[in-house]
Amino acid sequence: MPRFALLEHTGAPDDPAGRHFDLLLETAGACRTWRLYDVPRADAGPVAALELPAHRLAWLERLEGAVSGGRGFARRVDAGSYETLAADAALISEATTLVIAVDGAMLIGRLKLETVGEGWAATLG
């Protein structure tokens with residue numbers, strides 16, 4: 001099964017809050033990535049998200065490290081595998097609605113990622 005990682009990213013110059021989480025999903029040769037403004041929880045509503053450019057597969061292996069170009073520091077807070085349950089496109093990299101089953105330490109269950117207006121929402125349920 002493909003892998004996922006959830007990274008806590010601090011010190012990014014384009015993040016006024018100073019802290020967010022990057023969700024990386026392993027796809028063909030790279031990781032489809034979203035910036036999450038909080039960690040999705042089953043007992044909470046949707047979390048606002050922003051799709052980012054694809055990240056390198058190496059981030060699935062790294063526990064922590066400085067982000068290139070002086071863009072802060074990332075630390076892995078969860079990782080595991082995922083299975084695609086539903087997508088509105090044949091390729092994960094093109095989907096605008098994606099439902100996956102995640103199996104990590106923090107993220108466990110059904111995670112829905114969908115476009116909402118100009119951004120995205122992530123809901124764990």
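The values are calculated or read from the model by the stated rules, or taken from the named source; none is laboratory data. Here the structure is a predicted model, which is why all the values come from computation and not from measurement. Cβ coordinates were reconstructed from backbone atoms using ideal geometry, including for glycine residues, and neighbour counts include every protein chain displayed.
Scanning the stretch 112-125 for residues that are of a type outside the set (Val, Ile, Thr), crowded, with 16+ Cβ neighbours inside 10 Å and more than 20 Å from Pro53 (Cα to Cα) yields a count of 1. Scanning the stretch 93-111 for residues that are of a type in the set (A, V, I, L, M, F, W, C) and under 23 Å from Glu8 (Cα atoms) yields Leu98, Val99, Ile100, Ala101, Val102, Ala105, Met106, Leu107, Ile108, Leu111. Candidates in the stretch 39-90 are the residues that are exposed (fewer than 12 other Cβ atoms within 10 Å of the Cβ) and under 13 Å from Glu8 (Cα atoms); of these, the one that is modelled with the lowest pLDDT is Ala66. Annotation: of all residues in the stretch 5-18 being touching a helix residue (DSSP H, G or I) at 6+ places or on another chain (Cβ under 8 Å) and at pLDDT 95 or above, the one that is surrounded by the fewest Cβ atoms within 10 Å (Cβ to Cβ) is Ala5. Screening the candidates Ala86, Ala74 for the property of being more than 18 Å from Leu6 (Cβ to Cβ), part of a strand (DSSP E or B) and over 12 Å from the mean Cα position of the chain (by Cα) yields one hit, Ala86.
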